[in-house]
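Let me begin by presenting the structure, written as structure tokens, before commenting on it.
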Amino acid sequence: MYFDGYEYHQGRSFEQTYRCYPASFIDKQQIENGDKIIMPPSALDRLASLHIDYPMLFELRNAATERVSHCGVLEFVAEEGVVYLPYWMMENLLLQEGDTMQVKNATLPKGTYVKLQPHTKDFLDISNPKAILETTLRNFSCLTIGDSIMVAYNNKKFYIDIVEAKPSHAVSIIETDCEVDFAPPLDYKEPEKPVKSVPSSKAPLKAEEAPEETEPKFNPFSGAGKRLDGKPIKNPPPPVSSSSRSKDKRPAVENDNGKPTAGTTSSQSAKRQNQGKLVFGSNVNRPKDTQQEAAKESKSEDPAKKEEPTFQAFTGKKYSLRG
């Protein structure tokens, strides 16, 4: 007869109640690294008379909490009425020292698939966790969904949950090819996706551009032009931007005496004459009074130049050699 994947043999089944104690009560610490228990010699006699199939597998049940697990047997050297089992198995069954539990023989199908879930991601940090797990599971006889097995490695204890098993909720892993899969650890957290944000450099650029537009720019020689005779200018020249004027500005080439050469002054005066109609040399930048005085001096110098006698050759008196 099969119940939920495992078989009970009617008329020749083994079922007994024992008090349970952890492996620390007996000098058998090796059972902590597997799922095998230590039973009394009377249990071996009973099992032998019933011709129980090997390997011997048992169902452990805590009647108080209705927790069920499965295990194998290592030895039959315990005291009568007592069984010793790994402490992690007692934790799965919610048993305390000296509590009673039912032990019943069972036949489990061979497992084909098992899914495991470590409690912490430290187990995955081991160089080869599958190899460590394969070595540890050699000490196990069966696996039950809901149990948390203990894997000892490098002086550390790693707990792993049995999440899924096929073809039954409890399977035998003795001499079978079983596929093992891992679920993400219980403390695993998915990395947060980075939120795309607008670069902060763009906002300051806009803030900096606004003051530049409102700030007044310095434009030299942007005043209105005036004629020397006081008449209004019909077509005032367009204002020259500072950028264009900066391009026109060239450093004057000085000669050995430290004075600008004639080429530079003539080029500058030519540019000034092209920009406006009434530009006379460098008098544009002078005040009106100085410009008028310069005009008067030029007028007063003209008559003086006219009064000077011109040089004429052979215009002296004549003298005769005769007397």
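The values are calculated or read from the model by the stated rules, or taken from the named source; none is laboratory data. Keep in mind that this is a model prediction, so the values were computed, not measured. Using ideal geometry, Cβ is built from the backbone for each residue, glycine included, and neighbour counts are taken over all protein chains shown. For accessibility, only protein heavy atoms count, side chains too; no ligands or nucleic acids. Shrake-Rupley method; radii C 1.70, N 1.55, O 1.52, S 1.80 Å.
Things worth noting here:
- Three-way shape call for the range 46-113 based on the alpha-carbon gyration tensor, with the a/c threshold at 1.5: oblate
- Antiparallel DSSP beta bridges within the range 1-132, as percent of all bridges there, nearest 5: 75
- Among the chymotrypsin sites (Phe, Trp or Tyr not before Pro) in the range 124-189, those located in a DSSP loop and surrounded by at most 16 other Cβ atoms within 10 Å of their own Cβ are TYR188.
- Computed over protein heavy atoms with a 1.4 angstrom probe, the accessible surface ordering of PHE14, PHE218, PHE25, largest first, is PHE218, PHE25, PHE14.
- Rounded D (µm²/s) - the range 102-156, Kirkwood Rh over Cα pairs, Stokes-Einstein at 25 °C, 0.890 mPa s: 185
- Surface/4 estimate of mean projected area, convex hull on alpha-carbon atoms of the range 83-176, nm²: 6.8
- Its residue count N fixes a reference of 2.2 N^0.38 Å for the range 28-187, and the Cα radius of gyration divided by that reference is 1.04.
- Accessible area of the range 1-126 belonging to carbon and sulfur atoms, whole % at 1.4 Å probe: 48
- Surface listing: LYS217, LYS166 arranged by accessible area from highest to lowest gives LYS217, LYS166, probe 1.4 Å.
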